[in-house]
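Participant: Please see the structure below; I have some questions.
Bear in mind that the values in this text are calculations on the coordinates, not laboratory data. Predicted model only: the values in this text are computed from it and were never measured. As a convention, Cβ positions derive from the backbone with ideal geometry for all residues, glycine included, and neighbour counts pool all protein chains shown.
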């Protein structure tokens, strides 16, 4: 599963910092392996990323 970076600038910067990135483009994604299972909500056989999580 690939996850898009958040559009919110503050959250986007937190994600970039957590991943050790200086800049991120709109085309970049984060691999789902950077999130633990408790970062997701499971609904109707779908994994939905919680709003307040930061990748590992």
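Participant: Applying the selection to segment 12-23, what residues are on the phi < 0 side of the Ramachandran plot and either loosely packed, with under 13 Cβ neighbours inside 10 Å or without any contact (Cβ under 8 Å) to a residue 40 or more places away in the chain (or both)?
Facilitator: Within segment 12-23, 12, 13, 16, 17, 18, 19, 21, 22, 23 qualify.
Participant: Within segment 36-54, which residues are touching a strand residue (DSSP E or B) at 6+ places or on another chain (Cβ under 7 Å) and free of Cβ contacts under 8 Å to residues at least 40 places away in the same chain?
Facilitator: 39, 40, 41, 48, 50, listed by residue number.
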